[in-house]
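Enquirer: Have a look at this one before I ask anything.
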Amino acid sequence: MSLSDARRIKNIVRALAKNELGWLVLELGMQWYLPITKRLFLSQKKQVHLALRIRNVLEDLGGAYVKLGQLLSVRPDLIPHEYCEEFRKLQDNNPPLPYARIHQVLKEELPQAHFQWISKKPLGTASIAQVHQARLLDGTDVVIKVQLPEAPDAFNADLHVMRFFAHKLNRRGGELGFSPVDIVDEFERYTAEELNFVTEAQNIDAVRQAFSHSRTVILPKVHWQYTTQRVLTMDYISGIKLSHFLVKHTSPILSHRLADAALMNMLTEGTFHADLHPGNILLLPRGKIGLLDFGIVGHLTTEQREHGILLYKAILDKDVTMVVEQLYGLGTSTERTQKEHLTTDVAKVLHASNNGNIEEFRPTHIFQQLSSVSRNHGVPMPIGLVLLGKALVTLEGTCRQLDPNFDVIQYSRPLIRKIILKQKTPEALTKRVISKTTTMAKNIASIPEEALGALQTIRDGSIHLQFQDTDFKHVGLDISTSSNRLSYALLISALLLSAALLVKVGPIWNDYPVFTTIGLLVAICLAVPLIVSILREGSTRFDPHR
């Protein structure tokens with residue numbers, strides 16, 4: 001472990017202690033990273049409001065940790081719903097970087113002069129990039145998103161430390177309600193995409209294509225000749241941010257216009273903007289709407305989109321059987337999936353609005369809660385559907401700020417009915433049959449080749465069996481541990497026997513035979529850790545299997 005890693009670990013441990021998570025520090029055995037004065041006052045009492053305290057820890061650490069929380073806020077398939085709600089409050093506030101450092105990145109990525117001028121005052125700064133307004137040589141006004149010089153190294157270092165903590169926390173995954181290692185794996189994939197601006201540019205083009213038939217929504221055009229992995233250049237769209245407009249105004253007409261365009265995009269296209277909050281929406285002349293920030297974009301296959309529409313309709317109708325059927329169609333059931341228990345929990349979610357606050361159980365929120373339910377029962381939703389749920393929740397919240405009387409059901413039902421009827425037209429059914437027939441034909445055609453390959457493998461004697469069960473993964477470790485214990489026991493027995501045989505053999509020191517005394521002391525030194533190891537066997541805290 002490097003010195004910088006040790007510093008990062010120390011910062012995390014101090015943040016945990018500061019936010020009354022000392023019991024977690026003790027259970028992880030990391031109290032040694034704290035000053036002795038703070039170490040003495042660590043409490044083993046488990047505090048309530050764990051989600052709030054973890055959010056405070058992420059805010060104290062900043063940078064990659066805030067990004068981690070923001071990712072998790074839209075992933076109820078990874079963490080419980082209450083954590084998602086709490087992490088939505090995280091803000092990515094970073095002080096602007098001096099323009100000289102931004103200019104250095106631009107020189108490295110775009111060596112030739114491509115801009116008439118670049119504003120030295122940033123439009124915004126986050127943990128990964130800084131955004132500046134500029135003008136191309138042909139007079140086109142653009143914005144350039146420039147990656148901060150230290151971002152990749154800082155994020156990779158933080159990921160290394162996150163993985164260190166994740167493995168320590170993993171044995172507590174059942175109690176926490178999520179898998180820390182799975183979360184770090186997903187964050188690593190997400191960070192790789194975030195640090196590659198080509199991916200974001202591709203997302204912009206995909207969403208722009210999805211809205212190509214809309215007369216209401218405007219998206220920036222990517223200037224690919226001035227875009228690299230570290231620099232993203234796109235059109236500058238001049239308008240009023242909806243968040244500023246909402247300070248003094250409401251507008252039912254604007255709410256309906258946004259809902260019509262966005263719902264049609266989300267439910268009928270394979271790519272959609274998943275984060276339509278007021279800060280990402282611009283009000284443009286002639287009633288048009290501009291969209292910004294394409295960090296969260298959802299992608300759906302045709303089959304996932306069809307299942308998603310039927311799932312949303314089942315939620316509107318509170319049809320428990322249909323919801324469970326669609327969850328099975330969307331997810332991949334595992335050996336721990338019990339359909340009866342899943343049906344019971346789905347029924348609880350769907351009918352909660354009959355006994356509680358209706359505002360908390362609107363169809364869009366239910367869609368997200370079902371992500372958590374399906375995850376808990378081993379039927380995880382595809383990431384595209386999870387983001388669709390997030391997109392619907394965010395869109396509804398924005399529309400209700402514009403119009404407090406906005407009813408998502410009123411706007412959803414006619415569109416859902418129209419889409420489902422369209423899916424049942426002869427043309428659509430024929431297209432679906434042809435698609436499935438083509439897939440089946442390809443699978444059938446590959447059977448002989450795969451069968452011959454399997455027979456060849458059997459004949460060559462090169463069959464490899466791979467076990468996924470964790471008990472099998474640790475058999476080697478268990479055998480090694482048992483062998484070591486047996487060796488220790490034999491050595492201790494030999495020392496005790498030798499000590500007994502040499503009890504009357506010199507030399508003698510203060511009436512004690514030296515060889516016997518040494519033998520007994522060495523035997524005791526070996527016996528103590530052996531006994532402790534045996535007593536710890538099966539303990540959740542010390543068992544590496546858990």
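Enquirer: Cut-off is 10 Å between beta-carbons; in what order do TYR190, TYR83 appear when sorted fewest neighbours first?
Expert: Ranking TYR190, TYR83 by Cβ neighbours within 10 Å, fewest first, gives TYR190, TYR83.
Enquirer: Counting only Cα, what are the radius of gyration and maximum Cα-Cα distance Dmax of segment 237-424, in Å?
Expert: My reading of the Cα-based Rg and Dmax gives 17.0, 56 Å.
Enquirer: Could you give the nm distance between label points at ILE409 and LYS241, where each point is 7 Å from its Cα heading toward the beta carbon?
Expert: So the label points at ILE409 and LYS241 sit 3.5 nm apart.
Enquirer: Can I ask one more? What ranking do VAL408, VAL505, VAL522, VAL146 get, fewest neighbouring Cβ atoms within 10 angstrom at the top?
Expert: Going from sparsest to densest Cβ surroundings: VAL505, VAL522, VAL408, VAL146.
Enquirer: Moving to a separate point now. Amide H neighbours of GLN116 under 5 Å, counting only residues 5+ apart in sequence or on other chains, H built in-plane at 1.01 Å?
Expert: Counting only residues 5 or more places away or on other chains, the set is ARG135, LEU136, LEU137.
Enquirer: Past the 26 Å Cα-Cα mark, which pairs from LYS145/LYS288; LYS107/LYS241; LYS313/LYS348?
Expert: Exceeds cut-off: LYS107/LYS241.
Only the coordinates and a few stated rules stand behind these numbers; no lab work does. Since the model is a prediction, treat every value here as computed from it, not as a measurement. Here Cβ is always computed from backbone atoms with ideal geometry, including for glycine, and neighbour counts include all displayed protein chains.
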